[in-house]
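Worksheet: one structure, shown below.
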Amino acid sequence: MNIETLALGPVQANCYIVTDEKTNETAVIDCGEYTKELADRLEGKNLKYIMLTHGHYDHIFGVYDLKEAYPEAQIVIHKEEAYKLLDELPSFGHEMMPGMQKYVPADITVEDGDKIQLGEIEFNVLHTPGHSKGSVCYFAEDERTIFTGDTLFCLTVGRMDFFDGSEDEMLESITRLYNMPGDYEIYPGHNRATTMEYEKRRNRYMRRFK
Ligand SMILES: [Zn+2]
Ligand SMILES: [Zn+2]
């Protein structure tokens, strides 16, 4: 698995380009803006999926243009989050950049336990509400890698005060992440990558389990 990280869009959220080197099948995980750099990096790759961790504007503003450039790529998002691709109110696009969100429907809506096959990489969907109702993490067990969106960050967790967020749900989601066996490389929606072992020791939302 090859992972490239770009910071894109209005608040420079992380956009990950994940490629299965054996088959060249590629997924983009979150896309705050479709830039020339992203287009260049995708050249020659077989983009199969645009996988979204949730529907906030800073993670989806580039999805329309990316889909235009790669009509075969399937947009993947949790079933309770998909409507935000078609409405700038719940995506918060209207607050930050009113009238700028280009609407594009999901191709595949997922729920907890679903799997997405990218070449020889198997992604699992872990529904982790708390930051938003339909937030998910995508993890590849064999690759020991998890993409956590705005659920789990290095040393903290995502905001829980949005209209469909919930502190109780977040703590439950963090418990599920904490209970995943073994270590994982963590690729969050903002800021730097980290590991599950590190977060279990240092992140105050995880330390409470000890
Ligand atoms: Zn968010
Ligand atoms: Zn975000």
Roll a 1.4 Å probe over the protein chains and send me the accessible area per residue for the chain in Å².
-> 44
Cα gyration tensor shape for the range 48-141, rounded if a/c is under 1.5, else prolate or oblate = oblate
In the range 1-95, what is the volume of the convex hull around the alpha carbon atoms, normalised per residue and reported in Å³?
-> 87
Evaluate the charge dipole of the chain about its Cα centre and quote only its size in Debye, nearest 20, assuming +1 on the Cβ of each Lys and Arg and -1 on the Cβ of each Asp and Glu.
-> 680
Interchain or sequence-distant (5+) residues whose placed amide H lies within less than 5 Å of the amide H of Cys15 are Leu6, Ala7, Leu8
Each residue of the range 58-64 in turn: what ³J(HN,Hα) in whole Hz from Karplus with 6.51, -1.76, 1.60 and θ = phi - 60°, glycine and Pro shown as x?
-> 6, 10, 10, 4, x, 5, 4
Shape call for the chain from the C-alpha gyration tensor, a ≥ b ≥ c root eigenvalues: rounded (a/c under 1.5), prolate (a/b greater than b/c) or oblate?
-> oblate
The range 31-73 scanned against label point 7 Å out from Gln12 along Cα→C-beta; backbone N under 19 Å for 31-39, 57-62
Using a ≥ b ≥ c from the Cα gyration tensor of the range 149-201 (square roots of the eigenvalues), is it rounded, prolate or oblate, where a/c under 1.5 gives rounded and otherwise the larger of a/b and b/c decides, a/b for prolate?
-> oblate
How far apart, in nm, are two points set 7 Å out from the Cα along the Cα-to-Cβ line at Asp40 and at Glu72?
-> 2.5
Heavy-atom accessible surface of the range 102-179: percent carbon and sulfur, 1.4 Å = 45
Nearest-0.05 FRET efficiency for Leu86 and Glu122 at R0 = 22 Å, using Cβ-Cβ distance, is 0.15
Work out the charge dipole of the range 2-207 with +1 on the Cβ of Lys and Arg and -1 on the Cβ of Asp and Glu about the Cα centre, then indicate which of Asn14, Val157, Leu52 is farthest towards its positive end.
-> Val157
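The values are calculated or read from the model by the stated rules, or taken from the named source; none is laboratory data. Worth saying up front: this structure is predicted, and the values here are computed from it rather than measured. Here Cβ is always computed from backbone atoms with ideal geometry, including for glycine, and neighbour counts include all displayed protein chains. SASA here: full protein model, heavy atoms, side chains in, ligands and nucleic acids out. Shrake-Rupley method; radii C 1.70, N 1.55, O 1.52, S 1.80 Å.
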